[in-house]
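Undergrad: The following block contains the structure, expressed as structure tokens.
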Amino acid sequence: MKNFLTKQYKSDKKFRIKHNYLKEQFKDYKKIFNKISKVVKFNDFTLGYEVEKFENNFKNLISSKHCTGVGSGTDAIYLALKSLNLNLGDEVITTPFTFYATINAIVQAGCVPKFVDAKNDFNINPDLIEKTITKKSKAILVVHWAGRICDMNKIKKIAKRNNLFLIEDACHAALAKYGNKFAGNFGDIGCFSLHPLKNLNVWGDGGMMVTNNLKLDKKLKLLRNHGLKNRDEIEIFGVNSRLDTIQAVVANHLLKKLSKITNSRIKNANYLDQNLKDIDEIYIPERDKNLKEVFHIYSIQVKNRDNLVKFLNINSIDAKKHYPIPMHLQTPLKKTYKYKLGDFPNAERLSKETLSLPVHEFLDLSQLRFMCNKIKEFYSK
Ligand SMILES: Cc1ncc(COP(=O)(O)O)c(C=O)c1O
């Protein structure tokens with residue numbers, strides 16, 4: 001099978017208003033090269049100084065007690081689940097409106113994904129969670145979609161009442177807040193991604209887990225490094241999923257800019273909200289004043305979505321569908337768990353109506369205006 005990503009990146013480059021802005025973002029790459037040369041000079045390649053520095057920087061930034069860098073956001077979720085001593089076949093409650101990684105991590109950990117439908121704001125519907133709990137349920141894995149924190153007050157109470165672990169897939173949600181609390185701190189473990197398209201990103205793959213529980217932190221640090229407690233002895237079975245030191249250099253460099261990046265995304269999202277909210281064919285989730293949404297993607301729900309995407313693409317705007325098929329309708333889930341069309345109607349509707357627009361910090365006002373005008377033009381035809 002061919003690597004479809006190369007082709008996709010090439011075709012994304014053709015758009016005038018891009019979703020992917022990495023070239024602009026890393027214009028100062030020579031400064032990063034300089035820092036990387038020190039890693040080489042000091043032979044500090046695995047779990048080096050820069051990894052520890054990044055773990056400390058990130059946990060301080062989001063007021064968590066502990067942070068562990070790993071190979072990807074997917075591994076962060078997988079290892080978080082592994083740290084909970086779950087048994088083969090235990091059920092993990094999650095949403096069908098997510099990226100494949102959430103589900104793959106559950107399955108890789110030997111567990112069964114049990115879906116609960118999404119709300120109109122893209123996140124899991126807490127009012128439907130308790131109906132799904134069985135004797136085999138062991139954890140709730142929420143996804144803070146697009147950088148909007150789930151209804152954690154309700155979900156925390158449900159987890160406590162039913163003695164379930166609570167894991168946050170915060171891969172979209174670095175710096176997102178509910179009240180004074182940052183994403184990652186609501187449950188037992190928060191999982192983050194450093195994928196190149198995330199708000200805090202590196203030059204390949206990377207991720208991290210945060211927790212405020214020392215015992216869990218010790219386990220997570222063992223799990224990501226073969227279970228090694230010292231050079232010669234393993235304490236538990238583990239994997240090799242260390243955050244690469246070179247990626248940690250990039251992450252440390254970017255971390256200083258994350259607040260600025262986030263604020264421009266919020267500002268751009270505000271502009272889009274204000275200029276699209278009066279179009280009858282568009283639904284924008286209500287913005288809750290207690291929430292700081294960080295807009296990893298700017299997603300809205302629109303009528304006639306597929307034709308609108310085509311129209312915007314023809315007009316050189318990289319509008320995307322995140323994502324057109326909900327998880328329960330992906331082939332392996334239908335085959336293995338017998339999920340079928342109609343099981344989660346709201347997630348199915350969202351998959352048909354979701355449109356994402358570029359929202360990154362390099363957009364200027366004329367580009368934002370152009371996107372809104374083109375959408376208005378489409379619906380006025
Ligand atoms: C919701 C969600 N969870 C998990 C991940 C996995 O992150 P990574 O690509 O770093 O493995 C992603 C990645 O895009 C994601 O969107």
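Undergrad: So who's got an amide H within less than 5 Å of the one on ILE124, skipping anything under 5 residues away but keeping other chains? H placed 1.01 Å off N, in plane.
TA: Hits under the 5 Å cutoff: LYS119, VAL143.
Undergrad: Check which residues have an amide H placed less than 5 Å from VAL70's amide H, if you skip close sequence neighbours.
TA: Amide H to amide H, under 5 Å and 5 or more residues apart or across chains, VAL70 pairs with GLY207, MET208, MET209, LEU243.
Undergrad: For the range 25-255, list log₁₀ I(q)/I(0) at each q in 0.08, 0.14 Å⁻¹, using the Debye formula over Cα point scatterers of equal strength and ignoring solvent, two decimals each.
TA: -0.28, -0.83
Undergrad: A further question on this structure: Please give the calculated 222 nm ellipticity per residue for the chain, where each DSSP H segment of at least 4 residues contributes -39500 (n - 2.57) and the sum is spread over every residue; nearest 500 deg cm²/dmol?
TA: -12000 deg cm²/dmol
Undergrad: Something else now. Which entries of LYS10/LYS321; LYS7/LYS27; LYS154/LYS289; LYS30/LYS257 have Cα-Cα distances beyond 21 Å here? Spell out each step's value before the answer.
TA: Numbers: LYS10/LYS321 18 Å; LYS7/LYS27 23 Å; LYS154/LYS289 17 Å; LYS30/LYS257 16 Å.
Among LYS10/LYS321; LYS7/LYS27; LYS154/LYS289; LYS30/LYS257, the Cα-Cα distance tops 21 Å for LYS7/LYS27.
Undergrad: Mind computing the radius of gyration and Dmax over the alpha-carbon atoms of the range 70-131? Å is fine for both.
TA: Every Cα atom of the range 70-131 included, Rg and Dmax give 12.0, 35 Å.
Undergrad: Oh, and also: First check a/c for the range 257-380, with a ≥ b ≥ c the square roots of the eigenvalues of its C-alpha gyration tensor; if it is under 1.5, answer rounded, and if not, answer prolate when a/b is larger than b/c or oblate otherwise.
TA: prolate
Undergrad: With a/c under 1.5 counting as rounded, go ahead and sort the range 154-286 into rounded, prolate or oblate using the C-alpha gyration tensor (a ≥ b ≥ c being the square roots of the eigenvalues; past the cut-off, prolate if a/b is larger than b/c, else oblate).
TA: oblate
Undergrad: Let me ask something additional. Quote the FRET efficiency, to the nearest 0.05, computed for GLN367 versus LYS338 with a Förster distance R0 of 41 Å and r equal to the Cβ-Cβ distance. Show your work: numbers first, answer last.
TA: On the way: r = 46 Å, r/R0 = 1.11.
With R0 = 41 Å, the Cβ-Cβ based efficiency is 0.35.
Undergrad: Taking K and R as +1 and D and E as -1, what net charge do the other residues with C-beta under 14 Å from the C-beta of LEU214 add up to?
TA: Working: positive: LYS59, LYS65, LYS215, LYS218, LYS219, LYS221; negative: ASP188, ASP217.
Surrounding charge for LEU214 is +4.
Undergrad: Whole angstrom only: what separates the Cα centroid of the range 27-53 from the Cα centroid of the range 263-331?
TA: Centre-to-centre (Cα) distance: 37 Å.
Undergrad: While we're on this one: Size of the dipole of the range 257-380 about the Cα centre, Lys and Arg at +1 and Asp and Glu at -1 on the beta carbon, nothing else charged, in debye to 20?
TA: Dipole about the Cα centre, nearest 20: 400 debye.
Undergrad: Relative contact order for the range 212-342: what percent, with Cα pairs under 8 Å and sequence separation of 6 or more?
TA: 11 percent
Undergrad: For the range 25-255, what relative contact order do you get, as a whole percent, if you take Cα pairs closer than 8 Å and at least 6 residues apart?
TA: The value is 26 percent.
Undergrad: On alpha-carbon atoms, Rg over Rh for the range 1-99 using Kirkwood Rh?
TA: Numbers: Rg = 19.0 Å, Rh = 18.0 Å.
A ratio of 1.05.
Undergrad: While we're on this one: Let a ≥ b ≥ c be the square roots of the eigenvalues of the Cα gyration tensor of the range 182-253; is it rounded (a/c under 1.5), or, if not, prolate (a/b larger than b/c) or oblate?
TA: Oblate.
Undergrad: What nm distance separates the two modelled labels at GLU24 and ASN3, each placed 7 Å from Cα along Cα→Cβ?
TA: Going from the GLU24 label point to the ASN3 one covers 2.6 nm.
Undergrad: While we're here: List the residues of the range 289-333 whose backbone N lies under 15 Å from a point placed 7 Å from the Cα of TYR283 along the Cα-to-Cβ direction.
TA: Those under the cut-off are 299-305.
Undergrad: ³J(HN,Hα) across the range 281-295 via Karplus (A = 6.51, B = -1.76, C = 1.60, θ = phi - 60°), whole Hz, x for Gly/Pro?
TA: 7, 10, 10, 10, x, 4, 8, 7, 5, 6, 9, 9, 8, 10, 6
Undergrad: Run the dipole for the chain about the Cα centre, Lys and Arg Cβ at +1, Asp and Glu Cβ at -1, nothing else charged, and hand back the magnitude in debye, nearest 20.
TA: 440 debye
Undergrad: Tell me, what HN-Hα J-couplings in whole Hz come from the Karplus equation 6.51 cos²θ - 1.76 cosθ + 1.60 at θ = phi - 60° for each residue of the range 334-350, using x for Gly and Pro?
TA: With the stated coefficients, the range 334-350 comes to 5, 5, 7, 10, 6, 5, 8, 4, x, 5, 9, x, 6, 5, 5, 5, 4 Hz.
Undergrad: Further, regarding this structure: Over 31 Å between Cα atoms, which of LYS136/LYS198; LYS229/LYS335; LYS65/LYS256 qualify? List each step's numbers first, then the result.
TA: Numbers: LYS136/LYS198 34 Å; LYS229/LYS335 40 Å; LYS65/LYS256 20 Å.
In this structure, LYS136/LYS198; LYS229/LYS335 lie more than 31 Å apart at Cα.
Undergrad: When only DSSP loop residues count, what trypsin sites (Lys or Arg not before Pro) in the range 1-69 have their Cβ near at most 11 other Cβ atoms within 10 Å?
TA: Passing both the DSSP loop test and the Cβ count: LYS2, LYS14, ARG16, LYS27.
Bear in mind these aren't lab numbers, they're just calculated from the coordinates by the rules spelled out. Please read these numbers as outputs of a predicted model, since none were measured by experiment. Positions of Cβ are generated from backbone atoms using ideal geometry, with glycine treated the same way; all protein chains shown enter the neighbour counts.
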